[in-house]
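The values are calculated or read from the model by the stated rules, or taken from the named source; none is laboratory data. Just so it is clear, the structure is predicted and the values come from calculations on it, not from any experiment. Reconstructed Cβ throughout: ideal geometry from the backbone, glycine too, with neighbour counts over all protein chains shown. Please note that ligands, DNA and RNA were not included when accessible areas were found on the heavy atoms of the full protein model with its side chains. Shrake-Rupley method; radii C 1.70, N 1.55, O 1.52, S 1.80 Å.
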Amino acid sequence: MPGWSDRESTTLPEGDDEAAFALVGNETRAEIIRALGEARGQEGARPILSFSELHDAVDVDVVSSQFNYHLQQLLDYYVDQTEDGYRLRPEGSLVYRTIKAGTLSDRDSFGPLDVGFDCYYCGDPAEGVYDDGMFTVQCPGCETLYDLILVPPATLDPDDVDGLLHRIDQFNRHRRLAFNRDVCPMCANDVDTQFMTSEASPFDPVQPREVVVHQSCSHCGSQMYVGVGAAVIYDPGLVSFCFERGIDVTETPLWELEFAMTDRSVTVRSRDPWEVAVEVAVDGDTLELVVDDRLTVLERNYS
Ligand SMILES: [Zn+2]
Ligand SMILES: [Zn+2]
């Protein structure tokens, strides 16, 4: 791929997280990452800026020698030096995008929004509220908690509620799919999966479940608690069973799928080792999925 294959290999100090974190804690260095990230736009290879172009693009009033000092600090971590100038390394692009995802909105809370389904327990319309970086889907009547989703503020556009709910649902699914496939969606490391009783979950008792799946990344701390029905949402047998009966589970908001939101169709067959069955019923037909505690599908039973 142009712009990637010619990267010189460098050796970073092993486990030197602290130095990498500290580097972006300086205004000039953070501005250099921002300027190189913004220069890229949406297409093409990572642009290379000459020293003077980069200095002009950085909105901090420092003399050249000081600017150069900070720029040198970023080399090997977030910025590459080439014959023609400077460009972001892939690690620098990751930092730039993470900061952009976290800082675009001037709204830090809104709601409640009508999320389009009635509580499966008491029938009140469920509501969505965004606050403090989390989108909460909950029933105002009986307080059942349906979802708690980490949402980057850059997603927010309260003037387009339908579009916003669609993006939150799909963003959440993309994270879930990665977790369910044993890959951390934030850092691509392995994921630890464990089944637990509802009482052992931090969301007891507002999220009544037969069993809760906890998935977490030991490298970056990203984690998720989810029901078994939602955890198997992309099983190819389940996707095609529903699709053949008029339901596209890849597009239908997860909140509208009862088997994903409640454990009414979940049966714990065994706790040691865990073996759990989920029934999905559509138009009088039923698909039963049986999974082990790695979320491996052991059986698909049609009736
Ligand atoms: Zn309710
Ligand atoms: Zn991770």
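Report whether or not LEU238 is touching a Ser or Thr at 6+ places or on another chain (Cβ under 9 Å) and at negative phi. In short, no. Is it true that some residue in region 44-51 is modelled with pLDDT of 90 or more and either open to solvent by 40 Å² or more (accessible area, probe 1.4 Å) or farther than 17 Å from ARG89 by Cα (or both)? The answer is yes; a qualifying residue exists. Out of everything in region 137-192 that is in a strand (DSSP E or B) and touching a helix residue (DSSP H, G or I) at 6+ places or on another chain (Cβ under 7 Å), what residue ends up being farthest from ASP118 (Cα to Cα)? Across region 137-192, the extreme among qualifying residues is ILE149. Is there a residue in region 88-100 that is at positive phi and in a strand (DSSP E or B)? No, there is no match, as no residue in region 88-100 is at positive phi and in a strand (DSSP E or B). Considering (1) within 26 Å of HIS166 (Cβ to Cβ); (2) aromatic (Phe, Trp, Tyr); (3) not assigned by TED's automatic domain parsing to the domain that holds TYR130, the lone condition that PHE110 does not fulfil carries the number (3).
Within region 139-172, the set of residues being within 16 Å of ligand 1 (Cβ to nearest atom) and over 18 Å from the mean Cα position of the chain (by Cα) comprises CYS139, PRO140, GLY141, CYS142, GLU143, THR144, LEU145.
Flag: ARG87 matches the condition of being outside the structural domain of PRO253 (by TED's automatic domain parsing) and either in contact (Cβ under 8 Å) with a residue 24 or more places away in the chain or within 16 Å of ligand 1 (Cβ to nearest atom) (or both). Filtering ALA188, ALA154 for residues that are open to solvent by 30 Å² or more (accessible area, probe 1.4 Å), at pLDDT below 85 and either assigned by TED's automatic domain parsing to the domain that holds VAL226 or of a type in the set (A, V, I, L, M, F, W, C) (or both) leaves a single hit, ALA154. For region 291-303, filtered to residues that are closer than 14 Å to GLY237 by Cβ and among the charged types (D, E, K, R), the residue that is least open to solvent (accessible area, probe 1.4 Å) is GLU299. Looking only at region 65-74, decide whether some residue is away from ligand 2 (no atom under 16 Å from the Cβ), in a strand (DSSP E or B) and among the aliphatic types (A, V, I, L, M). The answer is no, given that none of the residues of region 65-74 is away from ligand 2 (no atom under 16 Å from the Cβ), in a strand (DSSP E or B) and among the aliphatic types (A, V, I, L, M).
The residues listed here are ASP114, ASP108; of these, the one that is more than 16 Å from ligand 2 (Cβ to nearest atom), closer than 30 Å to GLU258 by Cβ and touching a strand residue (DSSP E or B) at 6+ places or on another chain (Cβ under 9 Å) is ASP114. For region 193-205, the set of residues classified as among the aliphatic types (A, V, I, L, M) and either part of a helix (DSSP H, G or I) or open to solvent by less than 20 Å² (accessible area, probe 1.4 Å) (or both) consists of ALA200 only.
Table: residues versus (1) at pLDDT below 95; (2) surrounded by 14 or more Cβ atoms within 10 Å (Cβ to Cβ); (3) of a type in the set (A, V, I, L, M); (4) outside the structural domain of CYS184 (by TED's automatic domain parsing).
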residue	(1), (2), (3), (4)
HIS219	yes, no, no, no
GLY237	no, yes, no, no
CYS242	no, yes, no, no
PRO253	yes, yes, no, no
ASP263	yes, yes, no, no
VAL266	no, yes, yes, no
ASP272	yes, no, no, no
GLU275	no, yes, no, no
LEU289	no, yes, yes, no
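Within region 120-138, the set of residues being near ligand 1 (Cβ under 8 Å from one of its atoms) and surrounded by fewer than 18 Cβ atoms within 10 Å (Cβ to Cβ) comprises TYR120, TYR121, CYS122, GLY123, ASP124.
Considering region 52-84, the residues that are modelled with pLDDT of 90 or more and charged (D, E, K, R) include one that is most open to solvent (accessible area, probe 1.4 Å), namely GLU83.
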